[in-house]
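Step one of this worksheet: look at the structure below.
The values are calculated or read from the model by the stated rules, or taken from the named source; none is laboratory data. If you're wondering where the values come from, they're calculated on a predicted model, not measured in any experiment. Cβ: placed from backbone, ideal geometry, glycine included. Neighbour counts: every protein chain shown.
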Amino acid sequence: MRYQWFWGLLLYCFAALAWGRFPENPWILVDTKALRLQVLEGKRVVATFDGIAIGRGGTTYEKRRGDNKTPLGVFRIGWINEKSKYHRFFGLNYPSLPYVKRGWRRGWIDAPTFRSLLRANFEEMVPPQDTPLGGYIGIHGLGRADPRIHRRYNWTRGCIALTNEQIDRLSRWIRVGTVVVIH
């Protein structure tokens with residue numbers, strides 16, 4: 001368990017070096033094996049949410065539309081929908097640059113899509129969400145979904161799901177730009 005936290009922190013540190021700075025705001029660490037989401041300030045844990053659900057297809061570094069897998073890596077909150085059918089929805093800036101590059105190398109996206117995804121990433125905007133790499137990945141509540149299913153299964157199409165009560169608590173730390181590390 002300690003090692004998983006360590007690897008998540010290490011991934012975050014590498015990303016912070018790539019960005020040239022550490023964000024001052026709280027950040028999110030999602031452990032897809034332990035099914036746990038943590039809010040950190042620096043390296044201090046300020047909140048823990050157990051019993052999350054991820055994509056029914058597991059996790060991946062090679063996400064494609066319709067695979068029901070949760071992407072791994074470093075993301076940022078790109079938008080917030082307070083009136084989502086899932087109670088609240090915190091959208092990630094997926095597909096991020098590593099996914100765009102892999103998708104291009106594998107031939108999953110064409111040149112215009114590649115250029116528009118690159119432009120969005122370099123301009124720190126929300127990338128197009130309707131590409132062959134998928135989209136609309138985020139952290140959300142249950143809405144009217146069955147809490148019994150949530151407790152027993154990974155049921156999402158690639159998102160990270162919490163209960164409505166948990167997502168309400170989490171919302172106090174979430175802003176557009178909040179860093180999210182999924183490992």
Report task. Take LYS69 and decide whether it is modelled with pLDDT of 95 or more and within 15 Å of the chain's Cα centre (by Cα). Result -> yes
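Report, by residue number, each residue of segment 32-55 that is among the aliphatic types (A, V, I, L, M), under 16 Å from the mean Cα position of the chain (by Cα) and surrounded by fewer than 17 Cβ atoms within 10 Å (Cβ to Cβ). Write out each step before concluding.
Residues of segment 32-55 that are among the aliphatic types (A, V, I, L, M), as a first pass: 34-35, 37, 39-40, 45-47, 52-54.
Now restrict to residues that are under 16 Å from the mean Cα position of the chain (by Cα): 34-35, 37, 39-40, 52-54.
Correct list: ALA34, LEU35.
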Query raised in the report: Is it the case that segment 141-157 has a residue that's in contact with a His (Cβ under 6 Å, 6 or more places away or on another chain) and closer than 18 Å to ALA47 by Cβ?
Result: yes
